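What follows draws every value from the coordinates through simple rules; no lab data is involved. From a predicted model like this one, the values you see are computed outputs, not experimental measurements. Heads up, the Cβs are rebuilt from the backbone with ideal geometry, glycines too, and the neighbour counts pull from every protein chain shown.
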Amino acid sequence: MVMMSRRRFIKKMLLSLGLLTAGAAASIPFVRRWSAEAEPEKAMNEIEPPPLQLQEEASLPKPPLLTMFLLSDLHISVGESSMSDKLHLALKDISEWETKLDTIVLGGDLTDFGRDSDYKLLKRILDQYPLPPMYGNMGNHDYYDIWLNERGAFSTDTVPNGKTDAMSRERFMSFIGYSDKPYKDVWVNGVHLIMVSQEAYVEEKPDVGEGAWYSDEQLDWLRETMKAHEDGKPAFVFIHQPLPEPGSDGRTHQLIRAKAFREILEPYRNVFVLSGHTHRSFVNENHYNRQNSFHWFNNASVGRTRSVLPGQTSTAAQGLFIQVYPQEVVLRGREFSDRTWIDSADWNIPIV
């Protein structure tokens, strides 16, 4: 047996320790790599799915930004109860609505003659129901007091019968709550409502007939008001009389300064113009005009919607329900007499 010297033994031990150390050091990157690869899998396994309630809420349809009714041509008169009866039908339906209503717009011809007594009757009717805030504009009938003589009879020979258009404007503004002009704009839940209003009738401007006259001042106001929509936010512009054919100004029973009106709205997208006056029924008639740079809808009438049968008296009482969503506007014709939707008046307009 060969005896190992002390020096050789120590040298061999040092060499063995060096190999072990090198092997251990070489294994460290593998350990770190394995650990790094295993951690993401572990992290993925530890992610918990969202609670069922959050999943259900995410799948629910988003609520509208604004929900409103447009009620046009009420024609309330102390001398005729049928229009009041139809307004009651509309307000009973609206006041029992299943979801929150943000506002109601009264789209012209609130009264039949614009008398103080007519507005008082209208207020008594409205006060009977829990209703959201209201806005409105004037129609030609809201100036009709000038046709009535001191006995309340219709008298063309004695027009204006001691009355003025200014008196009619004052009565409307006092009723609706406007301070100095018969036109107004408001933002409701971030949605812009612009009530353009007839400013003069035949006492001041005999040539306008039954048309809607807008002054330079009002048109300048509309031009400035529309500048808030350069970013494409929807704008809802309420008029009473309908527009004439594109490229022309209107006559009696139309918006007279139509070319200027269209020019003001033309640069903007997502503009909705809503008119009344015609009393046309939503049933089987087209109320969406696509000839303009804006979307134009003509509303039916609460008080005097025409019969779809010639020569027949209509029992219809109709209005327009509007919901504004971030991506679209929904408009639906409503028959208040039996609380039904009108199939031929149902539109979904994308916001672009």
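Normalised by 2.2 N^0.38 Å, where N is the number of residues, the C-alpha radius of gyration of region 146-192 stands at 1.66.
Cβ-Cβ distance of Asp249 and Glu204, R₀ of 25 Å, FRET efficiency by 1/(1 + (r/R0)^6): the value works out to about 0.85. The GluC sites (Glu not before Pro) of region 51-153 that DSSP puts in a loop, and whose beta carbon has at most 10 other beta carbons within 10 Å, are Glu96, Glu98, Glu150. Normalising the average separation of contacting C-alpha pairs (under 8 angstrom, six or more residues apart) by the number of residues puts the relative contact order of region 63-350 at 19 percent.
Loop-located trypsin sites (Lys or Arg not before Pro) in region 245-352 (DSSP state other than H, G, I, E, B) with a sparse environment of at most 13 neighbouring Cβ atoms within 10 Å: Arg290, Arg339.
Seen from every direction in turn and averaged, the convex hull around the alpha carbons of region 63-350 projects onto 14.6 nm².
Phi angles of region 201-217 translate, via the Karplus equation with coefficients 6.51, -1.76, 1.60 and θ = phi - 60°, into HN-Hα couplings of 10, 6, 5, 8, 9, x, 7, 6, x, 9, x, 9, 9, 10, 6, 4, 4 Hz per residue; Gly and Pro are given as x.
The label point for Ser82 and the one for Glu150, both projected 7 Å from the Cα toward the Cβ, are 3.3 nm apart.
Taking the number of Cβ atoms within 10 Å of each Cβ as an exposure proxy, the fewest-first ranking of His229, His240 is His229, His240.
Taking other C-beta atoms within 10 angstrom as a stand-in for reagent exposure, Asp85, Asp220, Asp118 fall in the order Asp220, Asp85, Asp118, fewest first. Among Asp127, Asp102, Asp73, Asp346, the order by Cβ neighbours within 10 angstrom, fewest to most, reads Asp127, Asp346, Asp102, Asp73. Using a ≥ b ≥ c from the Cα gyration tensor of region 251-292 (square roots of the eigenvalues), is it rounded, prolate or oblate, where a/c under 1.5 gives rounded and otherwise the larger of a/b and b/c decides, a/b for prolate? Oblate is the answer for region 251-292, as a/c is 1.5 or above yet b/c matches or exceeds a/b. Between Gln327 and Trp341, the contour length at 0.36 nm per residue exceeds the alpha carbon distance by 2.8 nm. Here's the picture: a label point sits 7 Å out from the Cα of Asp157 along the beta-carbon direction, and within region 193-224 nothing has its amide nitrogen under 13 Å of it. Please label the shape of region 68-127 as rounded, prolate or oblate, based on the square roots a ≥ b ≥ c of the eigenvalues of the alpha-carbon gyration tensor (a/c under 1.5 means rounded; beyond that, a/b larger than b/c means prolate, else oblate). Cα axes put region 68-127 in the prolate bin. So what is the relative contact order of region 247-352, in percent, for Cα pairs below 8 Å that sit 6 or more residues apart? Worked out over region 247-352, it gives 19 percent.
Only loop residues by DSSP count here, and only those with at most 15 other Cβ atoms within 10 Å; note down the trypsin sites (Lys or Arg not before Pro) in region 88-161 that meet that. The qualifying sites are Lys100, Arg151.
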